[in-house]
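So the structure is just underneath, and the comments pick up after that.
The values are calculated or read from the model by the stated rules, or taken from the named source; none is laboratory data. The structure displayed is predicted, hence computed values, not measured ones. Note that each Cβ is placed from the backbone with ideal geometry, even for glycine, and that neighbours are counted across all protein chains shown.
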């Protein structure tokens with residue numbers, strides 16, 4: 001009788017251990033499954049948040065840093081004393097033109113074959129020498145008229161040696177463009193490369209016709 005009781009007790013203990021072990025294994029498997037599911041959800045959520053944040057950042061960057069595609073350059077005219085004005089205007093340069101220091105720091109230059117063309121700009125105050133009046137004395141011919149970006153009507157005039165911009169044509173008083181209350185004189189002439197001296201413009205040449213077309217486009221893009 002006592003051996004049967006003792007044997008039953010051992011079996012009972014083994015069964016309890018097995019049941020407890022099974023419960024433990026099942027519990028661990030359930031816990032591990034829940035953990036993997038939670039981790040997967042968190043990863044997906046974080047990825048979605050990062051994607052949204054990237055889109056927001058890109059949108060903000062594009063909004064705060066717009067690209068400047070105007071191609072405008074700033075031109076600081078020279079003064080009669082040889083210094084450069086602090087006032088400036090902007091202009092869009094057609095193909096082939098560039099800003100270089102030739103006679104003044106902000107000359108606009110184009111070379112076609114062996115011909116070199118140069119645009120100079122000056123500001124005048126008070127009783128300073130009036131270059132435009134000198135040009136009118138040479139005898140001028142009106143070439144064309146355009147409107148600037150700011151809505152100012154500009155006339156392109158020519159003499160044997162130069163093309164220049166004026167607000168009245170073919171004659172008149174105070175025909176200068178205005179730059180912050182100062183007279184602005186813009187003129188184009190042809191120079192001999194190397195010698196850097198002005199020469200008469202052959203207006204019948206193909207290059208001169210190209211230059212006049214460019215000057216019209218430059219005038220249209222003026223910010224004044």
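For segment 174-201, the candidate set comprises residues that are in a loop (DSSP other than H, G, I, E, B) and under 28 Å from the mean Cα position of the chain (by Cα); within that set, the residue that is surrounded by the most Cβ atoms within 10 Å (Cβ to Cβ) is 180. Among the residues in segment 150-173, are any surrounded by 12 or more Cβ atoms within 10 Å (Cβ to Cβ), assigned by TED's automatic domain parsing to the domain that holds residue 124 and part of a helix (DSSP H, G or I)? Checking segment 150-173: not a single residue is surrounded by 12 or more Cβ atoms within 10 Å (Cβ to Cβ), assigned by TED's automatic domain parsing to the domain that holds residue 124 and part of a helix (DSSP H, G or I). Examine segment 151-160 for a residue that is modelled with pLDDT under 90 and at negative phi, and state whether such a residue exists. The answer is yes; a qualifying residue exists. When residues in segment 167-182 are screened for being at pLDDT 90 or above and touching a strand residue (DSSP E or B) at 6+ places or on another chain (Cβ under 8 Å), 5 of them pass. Against the test of being more than 20 Å from residue 188 (Cα to Cα), part of a loop (DSSP other than H, G, I, E, B) and either modelled with pLDDT of 95 or more or out of contact with any strand residue (DSSP E or B) (no Cβ under 6 Å at 6 or more places or on another chain) (or both), the options 61, 54, 69, 43 yield a single qualifying residue, 69. Only a single criterion out of (1) within 18 Å of residue 201 (Cβ to Cβ); (2) at pLDDT 95 or above; (3) assigned to a strand (DSSP E or B) is not satisfied by residue 96, namely (3).
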